[in-house]
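Please read the structure below before turning to the comments.
Computed from the coordinates by the stated procedures, all read-outs in this text should not be read as laboratory data. Keep in mind it's a predicted model, so treat the numbers as computed, not measured. A quick note on method: Cβ atoms are made from the backbone with ideal geometry, for glycine too, and the neighbour counts reach across all protein chains shown.
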Amino acid sequence: MKRTVRVKAVWDVDAKVFYSQSDIQGLHIETADLDEFEEILMDVAPELIIANHRTAPEIAEHSFKDLMPAILWQRPETEKAVV
C-alpha cells in the first residue's frame, strides 16, 4: 500500500484561483482562498483515497488507520502570486 500522497496548491493568475496538483485520483479543487482549499482537501481526500486507491480486499482486511496514507499538503510559499 502506498504510504504517502502529495497535494499541492498552484495559483492560476488568469482564473485567480488555486487549483490542485495531486496523485489522489479524482481530486480537483479550485478556490480563491487557501483556507477553503485546505478545508475541502481534508474533507474529501480520505474518501477519494479509499474509493480510488484501495481494493475491496484491502478495505476488508485492514483498519482505516492502516489504509490511510500520509497526505503531504504543500501550501504555496506566498498566498497569491503577484498579478
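Could you tell me how many degrees, from 0 to 90 and to the nearest 10, lie between the Cα long axis of helix 34-53 and the main elongation axis, the longest principal axis, of the Cα atoms of the chain?
30 degrees
Of the lysine pairs in the chain, how many meet both conditions: Cα atoms under 30 Å apart, and a spacing of 8 or more in sequence or different chains? Mind showing how you got there, number by number?
On the way: K2/K65; K8/K16; K8/K65; K8/K80; K16/K80.
Lysine pair count for the chain: 5.
At 25 °C and a viscosity of 0.890 mPa s, what translational diffusion coefficient does Stokes-Einstein give for the chain, taking Rh as the Kirkwood radius over Cα pairs? Give it in µm²/s as a whole number. Provide the component values of the computation, followed by the final result.
On the way: Rh = 13.7 Å.
So the translational diffusion coefficient is about 179 µm²/s.
Report the FRET efficiency, 1/(1 + (r/R0)^6), for N52 and K16, where r is their Cβ-Cβ distance and R0 is 25 Å, rounded to 0.05. Walk me through the intermediate numbers first.
Values: r = 29 Å, r/R0 = 1.16.
After rounding, the FRET efficiency stands at 0.30.
As a test, work out the antiparallel percent of DSSP beta bridges whose residues both lie in the chain, rounded to the nearest 5. Mind dumping the intermediate values first?
Details: 8 of 13 bridges.
Rounded to the nearest five, the antiparallel share is 60 percent.
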